[in-house]
Amino acid sequence: GLVPSAIYRHFRSKDEVVDAALALVGERLLALVAAASAGGDDPLERLRRLLFLHAGFIGENRAIPRVVLSGEVFGGHPERRARVYGFVQTYLAGVARLVREGQETGSIDPDLDADVLSLCFLGLLQAPAILWQLSGGAFDPSRHLPQAWEVFARGAAPARPRTRGGGSKPSVR
């Protein structure tokens, strides 16, 4: 029930619309980190919750990956690119904080770099979002996300002691 020209009653230009949309995406992503961080004692469980909250946000707002990654959105707008980079960096810092908490509690391997794990975490979401865009919606990210989480969680888990013989990992000499 909205005519396209109605949006310009609130915004003077397309650039203002894009800037407002990007700011809203940034606010919502950071709110997801805060929501996931607020409950529960296990940092790994909070990371899992964040993953599925973020995936739900993308699922409900499927244009976000196309807008956030669009060259048209950033062409000639280095300040816009810097703002988006800033909120992505803040998001990654929140993920890294959860990783460090997991390392302190023993649920995440302390020998792994928290910043690298935060990038891997974001990759759990970005790659499926890109595939969904490229396939015109045929690729279903929700089908792969639970298994992707399990792979991430196993990879982030503290290393088990190596044993000789019947242990789960071969011994190192």
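The values are calculated or read from the model by the stated rules, or taken from the named source; none is laboratory data. Since the model is a prediction, treat every value here as computed from it, not as a measurement. Note that each Cβ is placed from the backbone with ideal geometry, even for glycine, and that neighbours are counted across all protein chains shown. Surface areas here come from the heavy atoms of the whole protein model, side chains and all, with no ligands, DNA or RNA. Shrake-Rupley method; radii C 1.70, N 1.55, O 1.52, S 1.80 Å.
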Under the condition of being assigned to a helix (DSSP H, G or I) and modelled with pLDDT under 85, which residue from the stretch 1-16 is least open to solvent (accessible area, probe 1.4 Å)?
-> 6
Kindly list, by first and then second residue, each pair from a residue in the stretch 22-36 that is in contact (Cβ under 8 Å) with a residue 24 or more places away in the chain and more than 16 Å from residue 61 (Cα to Cα) to a residue that is open to solvent by 50 Å² or more (accessible area, probe 1.4 Å) and not small (Gly, Ala, Ser), limited to pairs with Cβ atoms under 6 Å and residues at least 6 apart or on different chains.
-> 36/49; 36/53
Going by the structure shown, is residue 125 in contact with a His (Cβ under 6 Å, 6 or more places away or on another chain), within 16 Å of residue 148 (Cβ to Cβ) and in a helix (DSSP H, G or I)?
-> yes
Quick one: how many residues across the stretch 105-139 are closer than 23 Å to residue 157 by Cβ, out of contact with any Asp or Glu (no Cβ under 9 Å at 6 or more places or on another chain) and touching a residue at least 40 places away in the same chain (Cβ under 8 Å)?
-> 8
Residues in the stretch 97-114: is at least one within 23 Å of residue 23 (Cβ to Cβ) and either at pLDDT below 90 or small (Gly, Ala, Ser) (or both)?
-> no
Taking the stated definitions as given, is residue 66 basic (Lys, Arg), open to solvent by 80 Å² or more (accessible area, probe 1.4 Å), within 30 Å of residue 150 (Cβ to Cβ) and modelled with pLDDT of 85 or more?
-> no
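Residue by residue, here is whether (1) part of a helix (DSSP H, G or I); (2) of a type in the set (A, V, I, L, M); (3) in contact with a helix residue (DSSP H, G or I) (Cβ under 7 Å, 6 or more places away or on another chain); (4) open to solvent by less than 70 Å² (accessible area, probe 1.4 Å) holds:
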site	(1), (2), (3), (4)
23	yes, yes, no, yes
27	yes, no, no, no
46	yes, no, yes, yes
55	yes, yes, yes, yes
58	yes, yes, yes, yes
72	yes, no, no, no
80	yes, no, yes, yes
Would a scan of the stretch 101-111 turn up a residue that is open to solvent by 20 Å² or more (accessible area, probe 1.4 Å), of a type outside the set (A, V, I, L, M), under 21 Å from the mean Cα position of the chain (by Cα) and on the phi > 0 side of the Ramachandran plot?
-> no
